[in-house]
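A quick write-up on the structure given underneath.
The values are calculated or read from the model by the stated rules, or taken from the named source; none is laboratory data. For clarity, every value in this text was computed on a predicted model and none was experimentally measured. Because the Cβ atoms are built from the backbone with ideal geometry, glycine has one as well, and the counts that use them run over all protein chains shown.
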Amino acid sequence: MTSPYYQDENVTLYCGDCLEHPEWWTGADVLVTDPPYGIKWTTHGVSRTSFGDRNKCDFNGTQRDVQSIANDTDTSARDHALALWGDRPAIMFGSLFKPPPRDVRHIGIYVKPLDGGALSAFGKLRRDCEAIYFLGHGEQWGRQVKTGRGALPKDQRPPTEMRSSIFGTRVRFLGTPAGLSAQCGHPHAKPGDVLEALIALCPTGVIADPFAGSGSTLVAAKLLGRKAVGVELEERYCEVAARRLSQGVLDFGEWSA
Ligand SMILES: C[S@@+](CC[C@H](N)C(=O)[O-])C[C@H]1O[C@@H](n2cnc3c(N)ncnc32)[C@H](O)[C@@H]1O
């Protein structure tokens, strides 16, 4: 068995293909992941020089930087990973423009930082919302409250332990030089506060993120004292994740960007 790229008392990270190595991560208890969305994402020639490796190409006659996400041509990596995972509890980010995974139990909304989605805006509307899918059978997410009239007695307020399914972030910027993406070293980095809120909802046990990127899920799990295992295909992102994990509570991707 290949040895981990990074390991501490809470977190293990492997560098490689999660679909070829289910033994690395499918033994965990809860899946919290941000897979390739299947949107053929690139930076479309927008220069973001603070990211890692990049290819140079001509875009309208100008030399610009182009980046892409591995296996992002369609949703097959996501669907393959879910097939390996089965119907155990899972939380998964995704594009609202692509078909959801099978057997979704609930959909939350992630609202990006203030500049999120500006490059792909629809007229004056930023594309700043993404889906957060909740999957898995049984009552791992808690007992389902009955819907419809009369479910709650008139004098009873909604239970205070419930929260909105909309997940905003205190991180202010995504794509600026001081923003989340540049600071975390990954163009699709997710904010630590959103991940912490999601992990807090999870059933107990080890968290798996087989599409770990810069390690945001693993960092959030570690900050919450949860055990976690991650896999990332690209070594440059494993390097970033390992650095973030060794920094512990001082991680920059939490609230500051
Ligand atoms: C949307 S990004 C995750 C970003 C991450 N949430 C963060 O905050 O940095 C998806 C990641 O999955 C990785 N990936 C794609 N296919 C993979 C595979 N088969 N095995 C492991 N990682 C893969 C990509 O390299 C990319 O870094």
Practice problem: Being surrounded by 15 or more Cβ atoms within 10 Å (Cβ to Cβ) and not in a strand (DSSP E or B) is the filter here, so list the residues in region 65-78 that pass it. | Solution: GLN67, ILE69, ASN71, ASP72, THR75, ALA77, ARG78
Exercise. Give the residue that is farthest from the ligand (Cβ to nearest atom), with candidates limited to residues of region 236-257 that are modelled with pLDDT of 95 or more and touching a helix residue (DSSP H, G or I) at 6+ places or on another chain (Cβ under 8 Å).
Key: LEU245
Quiz item: Could you say whether any residue in region 38-50 is more than 24 Å from ALA178 (Cα to Cα), modelled with pLDDT under 95 and either within 15 Å of the chain's Cα centre (by Cα) or surrounded by 15 or more Cβ atoms within 10 Å (Cβ to Cβ) (or both)?
Solution: yes
Quiz item: Among the candidates ASP53, ASP79, ASP58, which residue alone is within 17 Å of the chain's Cα centre (by Cα) and either charged (D, E, K, R) or at pLDDT below 95 (or both)?
Solution: ASP79
Quiz item: So, of the residues in region 166-187 that are part of a helix (DSSP H, G or I) and among the aliphatic types (A, V, I, L, M), which turns out to be modelled with the lowest pLDDT?
Solution: ALA182
Quiz prompt | Residues within region 16-29 that are touching a residue at least 12 places away in the same chain (Cβ under 8 Å) and either of a type in the set (Asp, Glu) or crowded, with 24+ Cβ neighbours inside 10 Å (or both), tallied | solution = 5
Quiz item: Being aromatic (Phe, Trp, Tyr) and either within 19 Å of ILE132 (Cβ to Cβ) or buried (at least 19 other Cβ atoms within 10 Å of the Cβ) (or both), is that true of even one residue in region 167-189?
Solution: yes
Quiz prompt | Cross-chain or 6+ apart pairs with Cβ under 7 Å, region 210-233 first and in contact (Cβ under 8 Å) with a residue 60 or more places away in the chain, then near the ligand (Cβ under 6 Å from one of its atoms) and aromatic (Phe, Trp, Tyr) | solution = GLY213/TYR237
Practice problem: Select from region 97-135 the residues that are within 13 Å of TYR37 (Cα to Cα) and surrounded by 13 or more Cβ atoms within 10 Å (Cβ to Cβ) and list them in ascending order. | Solution: LYS98, PRO100, PRO101, GLU130, ALA131, ILE132, TYR133
Practice problem: Kindly provide the set of residues from region 191-209 that are part of a helix (DSSP H, G or I), in contact (Cβ under 8 Å) with a residue 60 or more places away in the chain and charged (D, E, K, R), ordered by number. | Solution: ASP193
